[in-house]
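Accompanying notes for the structure given below.
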Amino acid sequence: MSASDSKQNGAPKIGVYVCHCGINIAGKIDVAGAVEFAKTLPNVTVAREYKFICSDPGQELIQQDIRDGKINRVVVASCSPLMHENTFRKATKAGGENPYFFQMANIREHVSWVTTDKAMATIKAKALIAGAVHRVAHHKSLERTRVPVNPDVLVVGGGIAGIHAALTLADSGKKVYLVEREPTIGGHMAQFDKTFPTLDCAACILTPKMSAVRSHPNIILWSYSEVSQVEGYVGNFKVKVRRKPRYVDETLCVGCYECIDKCIFKKPKFSDEFNQGLNLRKPVYIPFPQATPLVALIDPETCAEFRGGKCKKTCAEACERNAIDFNQKEEIKEIEVGAIILATGYKTFDAKRIPRYGYGKYPNVYTAMEMERLVNASGPTGGEVLLRDGKKPKSVAVVHCVGSRDENTNRYCSRVCCMASLKLAHLIHERTEAEVYNFYIDMRAAGKGYEEFYDRLLAEGVHFIRGRVAEISDWATTPEEEGKLIIRAEDTLIGVVRRIPVDMVVLATGLEAQADAEDVRRVFNISCGAEGWFLERHPKLAPVSTFTDGVSLAGACQGPKDIPDTVAQAGAAAAEALALIDKGFVELEPNTAYIQDEFCSGCKTCIGLCPYSAISFVADKNIASVNGALCKGCGTCVAACPSGALQQNLFTDEQIYDEIKGVISYV
Amino acid sequence: MSDKLNTNKPWEPRIIAFFCNWCTYTAADLAGTARMVYAPNARVIRIMCSGRLDPQFILTALREGADGVLIGGCHPGDCHYQEGNYKALRRFTLLKRLLNEMGIEPERVRMEWIAASEGDRVQKVMNEMTEHIRKLGPLHLEPKAAAMAAHGAGAARQGAPV
Amino acid sequence: MSKPKVGFYWCAACGGCEEAIVDLNEDILKVVDAVDIVFWPVALDFKKEDVEKMQDKEMAVCFVNGAVRSSEQGEMAKLLRKKAGVLIAFGSCSHMGGIPGLANFTTKEAILENSYSQTPSTVNPEKTLPQESFKVKEGTLTLPSLWKTVKTLDQVVDVDYYLPGCPPPVDLINKALGAILEGKLPAKGTVLAPDKALCQDCPRKESKPEKLAIKEFKRPHEILIETDKCLLAQGLLCLGAVTRSGCGSVCINGNMPCTGCLGPTSHVIDYGAKALSSIASLVGSNDEAEIAAILDKIADPGGTFFRYSLPASLLHRTYQPAKEGGK
C-alpha cells in the first residue's frame, strides 16, 4: 500500500466523544469540562459526552453525526484502544466513513483508574484528547488486505489438553499435527491412578482418547518431536518440527517387547522416568504399557552400542520386523498451518527447594507424583503403598501447599493439590488402613462434587490438621517416635504446636510452568506472565487467546488447573482455531510501511533492518520496495530511513509530530 | 510550564511517554485494570514498537515543552517484532551521548524495558521519573518550537529572543 | 526595460560563498549581463546607506550567506528583507547555521575567554575583552554585540528560498539563477536542490551492500580508504544517505565521506537526529555493552551529525537550565 492509494476525505471535521463509562471515568474526570475543552481544539466541529459510547445508542450518536455531514473524523475518549478500537472503527465505518479516520484517547486505564487527584486527572485527559484530535486530522483512508487461511492446525503437547483439542479439530474434518516432546502422548494424566472426585481410573478414561488419536485419519502424530521454528503469521504459519531419533522405525515396530526382553542388560538398570525414578528400565524401552504410539525407543545415553560401539545388538536380532536402526538420524519436517494451539502442560515443584521437608534426605518422604505411581496398579509396586523397606506404613502424612502460597517459592495457589491430596489420602487409607493426616492451610474444594468428596474423607476418618508444616525430621524425642518421621506443625484450630510421628510423608508439590517456557514462548512469539505461565490475552474474557493472532493456549500451560477445566479450555482453543479456519481469510492490519518512490534515493539502509525481509531493492529503478503482505508494521525501517521517504500507515511522522504537539501544548 | 488554565497551581512536571503496543502499553493498561495509582504526569503516545521511535520525536517532544521523555519497550529478546527494541537501544545510546553533550540532564530522557505483565513496573517508573524531574525543575527549552522556524518553512518572529 | 536589481551579503561567513559566485567563471558574465548588482560588499563599493535609500522590495532578489550571530548581522538581515522582493538563504550557514553554528555547543563567555585568553599564541594578561561601547576622548566607540546564540537566517527573517551547500555547488547556483531569470521559481520555502539523498547519484552506490552491520567505525586518517567501495561500508561516517544530492558527489570523488553540507531532504525536520538514527540503526550488535562500545568510536557525535545544522536543529544550542532559560 503506497501513500497514493490512501486518500484524505476533505478538510478535517472532527467529532470528539467523551465517555463516562458509568462512573469509571466520570467519577474522576470532569467530562463536561473535557467536552468544552474539546470544542476549542482545531478542526473540532462536534463534541459530546455519553454514558457508554461503546453501547448501541452510543455508537449511533457517532454514526448520526457522520450521516448528517457534521464530522468526517472521530475521536473517542474512553477506555483502552486494546479494548474498543475495533468497536469504534466498525462504528465509524457503519456511519459511512473509512474506519481509519478514527483515533482513541485512553482516559480510563491510563487516567481515571490510576489517578486520585481529580484536577490532575482532568488535565491529563484533556492532554490526551488534544493529542488525538491533532493526530486524527492527518489520518488517511486505508483498506485491510485479505489473506487466505491454511486449514491445517498444529497442536503442541500431547497431554489431555492437546489430545482433546486435536480430536475435536480432527472430528470436524481438519488436519491436525500433534507434536509431543516425550516418546508417548498422555502427559501427566497418564501417570495418575485415580482422578478426583469420581475416582475414575485415569488410564481408563484417557487411553481410549489416546487410541482415538492414534487411529484418527486426520491426525498426524509426531511423538518424540519438538517445534524448532515458527515463521509467518496468523493463517499462514511455516513451522519446522524436529523429529528426534528413536533408533526404531515407527512404521515397522508393533510394540511386541521382544527387543526389550532380549536386551543384553538382563535386568533393568537405569532410572525409569515415567515411574518417577522409583524403578528401573533398560536402555531400550517402552515408557508404559499403554504408551501411544506403542513403539520402543533406545536411549543413547545408556545403550551400550551408543556408548562403546561393541554391543552384540541382540535387540536388533530379536526384532522380526527389522525395526531397529542404529543409524536413524534426526529429521526436520516443514509444515504449513493456519492456527497453533499450545498445550505444553506443567512441571511439578522440586521438593528439594524446601530442605526442611526432608525430600531426598529421608527415604520415606515422597512427592505426590511418586505416590501416584505407587498407588497405580501398573506402577513399580503393583499398586501397593509400601515403604522403601517393603513394609506397609501404619501412619502417613499428606502435606498440602508444598511450594505454593509461599513468598519464598511461589506466591500463587496451585489449585489442584488440595483435591489431589484428598484423593491420595483416600487411596492410601484404603490400601493400607494406615492413620492418615492431612496438613492443610485452607481446603480448596470448589468444583463439582469436590466439597462432597471432602465430606467423604472426613467420614472415612482421615485426620485433618489446619497448619502449614514447619518441619519434617527424624529426631525422636520419645521412644514412640523412634524410627519415624516427625511432623511439626501448629494446629491453628486448637492453637497448639503438635508433633506427629508418621511412617511416610507425601508432599503435595505445586504446579509450575515448564522449565523451558521462556524459550518455547519465544519460538511462538507470545509472552509469559510474571509467574512464568503463558500469557493469555485477557484473564476473564479471553483466557485461551494470546496477543499473537492464531496462537491459542489450552490447559495448565496457561495456569494451574484440573482436568475438567483443562478439557474445557482445549475445546475453547479448538473452537478458536475452527472459527479462524472456517472464516477462510484473515484481514491484515493496514499499519504497514510504504515508500514514497519519488523521495527514495536507493540508499538501502532499510533493507537489512527488516526482520521479516519485507523490503527488497529494485535495482533497475534504484529504489527500495516494501511487500505489504510481509510487513508486520513495526516501523523500525521508518525511523532509520535517512530521507524520510519511508513512512508507516497509521503512524506517519506527521501524525506523531502533531500528536506530540497536541498532548503538550494546551494543559 | 504551569497549567495555562490554572496558574495558581505549583509547577508539575510534564512528561511525554512513547509506549510500544505489545509490552509497555499493555502493561500500563494492566496497571489501570488493577487500579494501581501513580503520578499522572506522563502523557502516553502509542507506537507499535519501540523500533518506530525516531530521535526526532524525542527532540520534538522536548522542544514543544515536555520536561522529560520516557520510552517504553519490551525486554531484550522479547520484542513482538523480533529486534525492534534493539534498534531502539542503538539509537537511544547514541542520542543519550548527544543529549549529555548538550547539557540536558540524563534523568530527563529515559528508556525502560517493561513486559506486558509488569503493571507494577509502569507504576514504579512513572512515579520515579516524575519525582526526578520534579527535583530537576522545568526544562524550559527556549525558544519554543513555534518561534523557531524549522528550515524550509520560513515565518520567524520579529524580535526573536537572542 | 531596466535590469532586475540583485544584492549579495555576507553575515557570519568564511567568504566561500562569495567564491562560489566567482566560480561560475564565464557564466558570471551572463549574470552580470542580465542583472544589476546593487550591493555586494566583497566586490563592489555600495554602502549600507545605499540600501537604506532603496524602496521596499526594490531589489528583485537578494542572496544572503552566513549565519546570523551579531546585532549588525541581524540588522542587515532585516534591512535586506525589507528591500528585497525575494530573499534567498545562500549556503549552509544561512540555511542551517553552518560551521559558525558549532558555536552553539558552547557559550558566548567561553568563546570570548578562549579567543582572547586561552589560545596558545595569545598574550593578554589583563584579560582585555572587546567592549560593545567604549568612551574615548573623541567620543564613544561601538561594536556590534555578539549574540549568545547563532541563528539561521530564517530564525531572524522570513526567507523565500534556500540554496544549500558549503558552498552551494556551481550547478545548483546556475539552475537557481536560471529559474529566477525566467521567473520559474517553485513554491515559497523550497530548498533549491534535488529532494533525494546523495546515494542516488553516488558513483559508488552499486558497491553498497543491502545489509550493513557496522562492527567498527573508522576515521578517515585511520585507514587506507578504498577508492571504489561505498564509504559507509568501509566504516567511515559517510552521511550521504541523509544528505541532499546535487553536489556531483565531489567529496566522494575526493575519496572522503560526505559530511552533510547540503542538509536534509524535505521529509526530515532535524538533520542531525535523522543522521544519528540512521547510522545507529546499522550498528551490528544487539548487546547493550557492545553497542555502546561500537558507538563510542564515534568521537564527536555532536560535531559529526550536526556539523552544519546545529542552529537549525530542534536542539538549537546547549541547554542552560534555570535563569537564562537556555538562550
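Output the residues belonging to segment C:181-199 that are assigned to a helix (DSSP H, G or I), more than 22 Å from the chain's Cα centre (by Cα) and either under 24 Å from C:Leu153 (Cα atoms) or modelled with pLDDT of 95 or more (or both). Of everything in segment C:181-199, just one residue is assigned to a helix (DSSP H, G or I), more than 22 Å from the chain's Cα centre (by Cα) and either under 24 Å from C:Leu153 (Cα atoms) or modelled with pLDDT of 95 or more (or both), namely C:Leu181. Looking only at segment A:639-659, filter to residues that are open to solvent by less than 10 Å² (accessible area, probe 1.4 Å) and in a strand (DSSP E or B); which one of those is nearest to the other protein chains (Cβ to nearest Cβ)? Taking the candidates together, the pick is A:Gln648. Of the helices (runs of 4 or more DSSP H) lying entirely inside segment B:1-116, those containing at least 2 residues that are in contact with a strand residue (DSSP E or B) (Cβ under 7 Å, 6 or more places away or on another chain), facing chain A (nearest Cβ under 9 Å) and modelled with pLDDT of 95 or more span B:55-64. For segment A:362-418, taking the residues that are of a type in the set (Gly, Ala, Ser) and modelled with pLDDT under 95, the one that is surrounded by the fewest Cβ atoms within 10 Å (Cβ to Cβ) is identified as A:Gly390.
Among residues of segment A:90-116 being small (Gly, Ala, Ser) and either under 30 Å from the mean Cα position of the chain (by Cα) or within 14 Å of chain B (Cβ to nearest Cβ) (or both), the one that is surrounded by the fewest Cβ atoms within 10 Å (Cβ to Cβ) is A:Ser112. Given the residues C:Val64, C:Val35, which is the only one that is closer than 26 Å to C:Gly98 by Cα and either in contact with a strand residue (DSSP E or B) (Cβ under 9 Å, 6 or more places away or on another chain) or in contact (Cβ under 8 Å) with a residue 40 or more places away in the chain (or both)? Of C:Val64, C:Val35, the one residue that is closer than 26 Å to C:Gly98 by Cα and either in contact with a strand residue (DSSP E or B) (Cβ under 9 Å, 6 or more places away or on another chain) or in contact (Cβ under 8 Å) with a residue 40 or more places away in the chain (or both) is C:Val64. If you go through segment A:246-260 and pick out every residue that is surrounded by fewer than 14 Cβ atoms within 10 Å (Cβ to Cβ) and over 14 Å from A:Pro289 (Cα atoms), you end up with 1. Return yes when A:Ala202 is buried (at least 23 other Cβ atoms within 10 Å of the Cβ), closer than 20 Å to A:Ser378 by Cβ and in contact with a Ser or Thr (Cβ under 8 Å, 6 or more places away or on another chain) and no when it is not. It is false that A:Ala202 is buried (at least 23 other Cβ atoms within 10 Å of the Cβ), closer than 20 Å to A:Ser378 by Cβ and in contact with a Ser or Thr (Cβ under 8 Å, 6 or more places away or on another chain).
One residue alone among A:Asp171, A:Asp152 is in contact with a Lys or Arg (Cβ under 7 Å, 6 or more places away or on another chain) and charged (D, E, K, R), and that residue is A:Asp152. Does segment A:420-431 contain at least one residue that is touching a residue at least 40 places away in the same chain (Cβ under 8 Å), open to solvent by 20 Å² or more (accessible area, probe 1.4 Å) and farther than 17 Å from A:Pro197 by Cβ? Yes, because at least one residue in segment A:420-431 is touching a residue at least 40 places away in the same chain (Cβ under 8 Å), open to solvent by 20 Å² or more (accessible area, probe 1.4 Å) and farther than 17 Å from A:Pro197 by Cβ. Among the residues of segment C:259-277, is there at least one that is within 14 Å of chain A (Cβ to nearest Cβ) and of a type in the set (Asp, Glu)? Yes, there is a match, as at least one residue in segment C:259-277 is within 14 Å of chain A (Cβ to nearest Cβ) and of a type in the set (Asp, Glu). Of all residues in segment C:210-245, those satisfying the criterion of being open to solvent by less than 50 Å² (accessible area, probe 1.4 Å), at the interface with another protein chain (Cβ under 9 Å from one of its Cβ atoms) and not aliphatic (A, V, I, L, M) are C:Gly240, C:Thr243, C:Arg244, C:Ser245. Counting only strands (runs of 3 or more DSSP E) wholly contained in segment A:145-187, the ones carrying 1 or more residues that are polar (S, T, N, Q) and at pLDDT below 95 occupy A:145-148. A search for C-beta distances below 7 Å between a residue of segment C:289-311 that is facing chain B (nearest Cβ under 10 Å) and more than 16 Å from C:Tyr271 (Cβ to Cβ) and any residue that is assigned to a helix (DSSP H, G or I) and of a type in the set (A, V, I, L, M), counting only pairs 6+ apart in sequence or on different chains, returns C:Ile291/B:Leu89; C:Leu295/B:Leu94; C:Leu295/C:Ala280. For segment A:51-105, what are the residues that are free of Cβ contacts under 8 Å to residues at least 60 places away in the same chain, basic (Lys, Arg) and within 25 Å of A:Lys7 (Cβ to Cβ)? Within segment A:51-105, A:Arg67, A:Lys70, A:Arg89, A:Lys90, A:Lys93 meet the criteria. Test A:Leu278 against the criterion of being open to solvent by 20 Å² or more (accessible area, probe 1.4 Å) and among the aliphatic types (A, V, I, L, M), and give yes or no. Criteria met by A:Leu278. Here C:Gly85, C:Gly98 are screened, and the one residue that is surrounded by 12 or more Cβ atoms within 10 Å (Cβ to Cβ), of a type outside the set (D, E, K, R) and within 24 Å of C:Leu314 (Cβ to Cβ) is C:Gly98.
Okay, residues lined up against (1) at pLDDT below 95; (2) open to solvent by less than 30 Å² (accessible area, probe 1.4 Å); (3) not in a helix (DSSP H, G or I):
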site	(1), (2), (3)
A:Ala573	no, yes, no
A:Ala579	no, no, no
A:Val586	yes, yes, yes
A:Tyr594	no, yes, yes
A:Tyr612	yes, no, yes
A:Ser616	yes, no, yes
A:Cys637	no, yes, no
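Open to solvent by 20 Å² or more (accessible area, probe 1.4 Å), part of a helix (DSSP H, G or I) and out of contact with any Phe, Trp or Tyr (no Cβ under 8 Å at 6 or more places or on another chain): is that true of A:Asp455 in this structure? For A:Asp455, the condition - open to solvent by 20 Å² or more (accessible area, probe 1.4 Å), part of a helix (DSSP H, G or I) and out of contact with any Phe, Trp or Tyr (no Cβ under 8 Å at 6 or more places or on another chain) - is met. Against the criterion of being within 9 Å of chain C (Cβ to nearest Cβ) and of a type outside the set (Phe, Trp, Tyr), A:Glu598 qualifies.
Does A:Ile66 satisfy the condition of being under 38 Å from the mean Cα position of the chain (by Cα) and not in a strand (DSSP E or B)? In short, no.
The values are calculated or read from the model by the stated rules, or taken from the named source; none is laboratory data. Keep in mind it's a predicted model, so treat the numbers as computed, not measured. Using ideal geometry, Cβ is built from the backbone for each residue, glycine included, and neighbour counts are taken over all protein chains shown. Keep in mind that these areas ignore ligands, DNA and RNA; they rest on the heavy atoms of the full protein, side chains included. Shrake-Rupley method; radii C 1.70, N 1.55, O 1.52, S 1.80 Å.
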